[in-house]
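To keep things clear, I will list the structure first and then write my remarks on it.
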Amino acid sequence: MLNIGCHLSSSKGFVAMANNAFAIDATTFQFFTRNPQGSKAKDIDLNDVNKFRELFAGKKIVAHAPYTLNPCSDNPNTAEFAELVFVDDLKRMELIPDNYYNFHPGSHVGQGAKIGIEKIAKLLNKIITPNQSTIVLLETMSGKGSEVGSTFEELQEIIKQVELSEKIGVCLDTCHVYSAGYDIVNQLDSVLAEFDKIIGLDRLKAIHLNDSKMPFNSHKDRHEQIGKGTIGLDAFVNIINHQKLKHLPFVLETPNELSGWQQEIKLLKSLSK
Ligand code: FE
Ligand code: FE
Ligand code: ZN
């Protein structure tokens, strides 16, 4: 059974997200832990969380850190702000244990990837604790600007430098990897073999399922609805049915409202073998 969902608004709490997911036949979903700009998170309503845990028992969800955070910034205030948000988010994640916390590794803003990687790993070494149940996911990036994490080698280098690396996984974004130059349309098997060789497929915990408005290897990050972009429907059929991927949670981050996601979920389920 295809485990698929989409990105949902968290503004009305966890039970509301579960109900939205059920309404569109989603079995997983993603949400922002707070406004994407990274402002203060709302207080968690324990009643809401506990009801949610019952409703969604046995299913994994993905929390997404604000994407404006830059943990490898050369500005100490910016890096420190990312740290404060991560620490607070990880604490809150333990209220919904055994789920995923996904973040964008950041941009090295001219310091070079090596320094950026060291800063990200240093931060992760400060915030990851041995007792946390949450697995922290590094998202594969498109490589726009000075983004870190657009190659499997860079992601592996971060993981290698993290002491409690059993708490680290990877979320593969189909739009981002295609823009970064991994040809998942014509060479899916060899891209996965490369991922396995460099990072290890056991690290792969979730897939962001997005088509792309931009050409292959463009290093641009513009999501498109499934089947309407440069990746195309056939590639998604291969991805959701691939023996090495089909067990993973798939999250749509396509430009859509709920009804559009409902249609994409229906379409992809009908194409899942
Ligand atoms: Fe993301
Ligand atoms: Fe993504
Ligand atoms: Zn993106």
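The values are calculated or read from the model by the stated rules, or taken from the named source; none is laboratory data. Since this is a predicted model, take the numbers as computed values, not measurements. Positions of Cβ are generated from backbone atoms using ideal geometry, with glycine treated the same way; all protein chains shown enter the neighbour counts. Keep in mind that these areas ignore ligands, DNA and RNA; they rest on the heavy atoms of the full protein, side chains included. Shrake-Rupley method; radii C 1.70, N 1.55, O 1.52, S 1.80 Å.
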Taking region 217-230 and keeping only residues that are in contact with a helix residue (DSSP H, G or I) (Cβ under 6 Å, 6 or more places away or on another chain), more than 13 Å from ligand 3 (Cβ to nearest atom) and over 18 Å from Asn3 (Cβ atoms), one is left with Gly227
Which numbered condition Lys91 fails, given (1) at pLDDT below 95; (2) out of contact with any strand residue (DSSP E or B) (no Cβ under 8 Å at 6 or more places or on another chain):
(1)
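Matching residues to (1) under 27 Å from Glu147 (Cβ atoms); (2) among the small types (Gly, Ala, Ser):
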residue	(1), (2)
Ala41	yes, yes
Leu46	no, no
Ala57	no, yes
Val62	yes, no
Thr68	yes, no
Glu80	yes, no
Of those in region 256-273 that are within 23 Å of Leu204 (Cβ to Cβ) and at pLDDT 95 or above, the residue surrounded by the most Cβ atoms within 10 Å (Cβ to Cβ) is Trp261
The one condition Leu95 fails out of (1) surrounded by fewer than 24 Cβ atoms within 10 Å (Cβ to Cβ); (2) within 16 Å of ligand 1 (Cβ to nearest atom) is (2)
Given the criteria in contact with a strand residue (DSSP E or B) (Cβ under 8 Å, 6 or more places away or on another chain), farther than 19 Å from Ala206 by Cβ and open to solvent by less than 10 Å² (accessible area, probe 1.4 Å), does Gly169 qualify?
no
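Please verify whether Ala206 is under 14 Å from Ile240 (Cα atoms), within 16 Å of ligand 3 (Cβ to nearest atom) and of a type outside the set (Val, Ile, Thr), treating the condition exactly as stated.
Yes: the conditions hold for Ala206.
If you check Asn102, Asn75, which single one turns out to be polar (S, T, N, Q) and within 16 Å of ligand 1 (Cβ to nearest atom)?
Asn102
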Counting only residues that are open to solvent by less than 50 Å² (accessible area, probe 1.4 Å), more than 16 Å from ligand 2 (Cβ to nearest atom) and farther than 24 Å from Lys42 by Cβ, region 129-150 contains a total of 1
Those residues of region 155-196 that are closer than 30 Å to Glu94 by Cα, hydroxyl-bearing (Ser, Thr, Tyr) and within 16 Å of ligand 3 (Cβ to nearest atom) come to a total of 1
Of the numbered conditions (1) open to solvent by 30 Å² or more (accessible area, probe 1.4 Å); (2) in contact with a Pro (Cβ under 9 Å, 6 or more places away or on another chain); (3) closer than 26 Å to Ala65 by Cα, Ile207 fails exactly one; give the number of that condition.
(1)
For region 1-51, enumerate the residues that are touching a helix residue (DSSP H, G or I) at 6+ places or on another chain (Cβ under 9 Å), under 16 Å from Leu90 (Cα atoms) and polar (S, T, N, Q).
Thr33
Some residue of region 232-255 being touching a strand residue (DSSP E or B) at 6+ places or on another chain (Cβ under 8 Å), open to solvent by 40 Å² or more (accessible area, probe 1.4 Å) and not charged (D, E, K, R):
yes
Restricting attention to region 118-153, report how many residues are touching a Cys at 6+ places or on another chain (Cβ under 8 Å) and among the β-branched types (Val, Ile, Thr).
3
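Say we look at region 64-84 and pick out the residues that are more than 16 Å from ligand 3 (Cβ to nearest atom) and surrounded by 23 or more Cβ atoms within 10 Å (Cβ to Cβ); which of these is nearest to Asn19 (Cα to Cα)?
Ala82
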Options Phe32, Phe14: the member that is out of contact with any Phe, Trp or Tyr (no Cβ under 8 Å at 6 or more places or on another chain) and more than 20 Å from Gln225 (Cβ to Cβ):
Phe32
